[in-house]
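Read the structure below first, then the notes.
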Amino acid sequence: RSILRQDPDVLMIGEIRDRVAAENAISISLVGRIVGSTIHSNNTVGTIARLVDMEIERAMIAYSIPGLISQRLVRRICKSCAAPYQPPDNLLVRFELQAAQHQFMKGAGCEKCNNTGYLGRIGIFEVFEFDDALRSLIVQSVPMKDLEDHMTRSGMKTLRDDALEKIRRNITTLEEISRVVS
């Protein structure tokens, strides 16, 4: 609260863990300030569910949040030792991929990557900008599945979609995506 006396335009708040922190972030955003924060959830719609669980009014959620970003970090394939490989059939089935349609790569392990096959990390993202239809659905207390369906119909690329794109571009592996994305 003392920071607000200095009248900042942009405010970064640490992780929102409880109702008090959520209410403060929302009230600050409602007076026209840009607020950035983190909240632990599985995906963007999970953030809405977490705020509902914290007993934040749905109208406050709908009209104070302009958008949500969900992110995960995955390890990158080491370019020095990358080689073609055949992923396990169970992962191909799980992610609905055809081995014949793509040449999959995996790091074999080298001195540069400390024999892990991976070097560095890259983010996978799910981004959604709120629209009037989503705000209306939130206020109407529809099930979270309906919110998620609206978001994907509106063009949101899910964490899974972004992860699969990174696999198609041979940036990471199916095993790594399987570890990080449900």
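The values are calculated or read from the model by the stated rules, or taken from the named source; none is laboratory data. The shown structure was predicted, so the numbers you read here are calculated from the model rather than taken from an experiment. Glycine gets a Cβ as well: all are built from the backbone with ideal geometry, and neighbour counts include every protein chain shown. Just so you know, the surface numbers come from the protein's heavy atoms only, side chains and all, with ligands and any DNA or RNA stripped out. Shrake-Rupley method; radii C 1.70, N 1.55, O 1.52, S 1.80 Å.
Rounded to the nearest 500, what is the chain's calculated 222 nm mean residue ellipticity when only DSSP H runs of at least 4 contribute -39500 (n - 2.57) each, over all residues?
When only DSSP H runs of four or more count, the value is -10500 deg cm²/dmol.
List residues of segment 104-127, by number, whose backbone nitrogen lies under 14 Å from a label position 7 Å along Cα→C-beta of GLN71.
Residues 121-127 qualify, since their backbone N sits under 14 Å from the label point.
Provide ASP131, ASP146 ordered by accessible surface of protein heavy atoms (probe 1.4 Å), highest first.
ASP146, ASP131
Compute the angle between helix 19-30 and the longest alpha-carbon principal axis of the chain, please, reported from 0 to 90 degrees and rounded to the nearest 10.
80 degrees
In segment 7-85, if every C-alpha pair distance is counted and binned at 10 Å from zero, what percent goes to each bin?
16, 45, 17, 10, 10, 2
Can you give the log10 of the normalised intensity I(q)/I(0) at q = 0.14, 0.16, 0.21 Å⁻¹, computed with Debye over equal Cα scatterers of segment 2-50?
-0.36, -0.46, -0.75
Compute the convex hull volume of the Cα atoms of segment 103-182, divide it by the residue count, and report the result per residue in Å³ as a whole number.
105 Å³
To the nearest 10 degrees, how steep is helix 44-53 against the longest Cα principal axis of the chain, on a 0 to 90 scale?
40 degrees
How large is the Kirkwood hydrodynamic radius of the chain, in angstrom, based on all distinct alpha carbon pairs?
18.6 Å is the Kirkwood radius here.
Determine, for each peptide in 75-85, 15-25, the mean count of other beta carbons within 10 angstrom over its residues, then list the peptides with the highest first.
Descending packing order for the listed peptides: 75-85, 15-25.
How high is the relative contact order of the chain? Use alpha-carbon pairs under 8 Å, at least six apart in sequence, and give a whole percent.
Answer for the chain is 23 percent.
Taking the Cα centre of the chain as origin, work out the dipole magnitude from +1 charges on Lys and Arg Cβ and -1 charges on Asp and Glu Cβ, in debye rounded to 20.
700 debye
Using the Kirkwood formula on the Cα atoms of segment 70-127, what hydrodynamic radius do you get, in angstrom to one decimal?
It is 12.7 Å.
Using unit Cβ charges (K, R positive; D, E negative) and no other charged atoms, how large, in debye to the nearest 20, is the dipole of segment 62-157 about its Cα centre?
Magnitude of the dipole: close to 580 debye.
What is the sum of charges around LEU91, taking Lys and Arg as +1, Asp and Glu as -1, for the other residues whose C-beta is under 15 Å from the C-beta of LEU91?
Cβ neighbours under 15 Å give a net charge of +2.
Looking at the chain only, what percent of DSSP beta bridges run antiparallel? Nearest 5 please.
Here the share of antiparallel DSSP bridges comes out near 75 percent.
Angle check, please: helix 144-153 long axis (alpha carbons) against the longest principal axis of the chain (alpha carbons), in degrees 0 to 90, nearest 10.
60 degrees
What FRET efficiency comes out for the pair GLU57/ALA99, r = Cβ-Cβ distance, R0 = 45 Å, nearest 0.05?
Plugging the Cβ-Cβ distance into 1/(1 + (r/R0)^6) gives 0.35.
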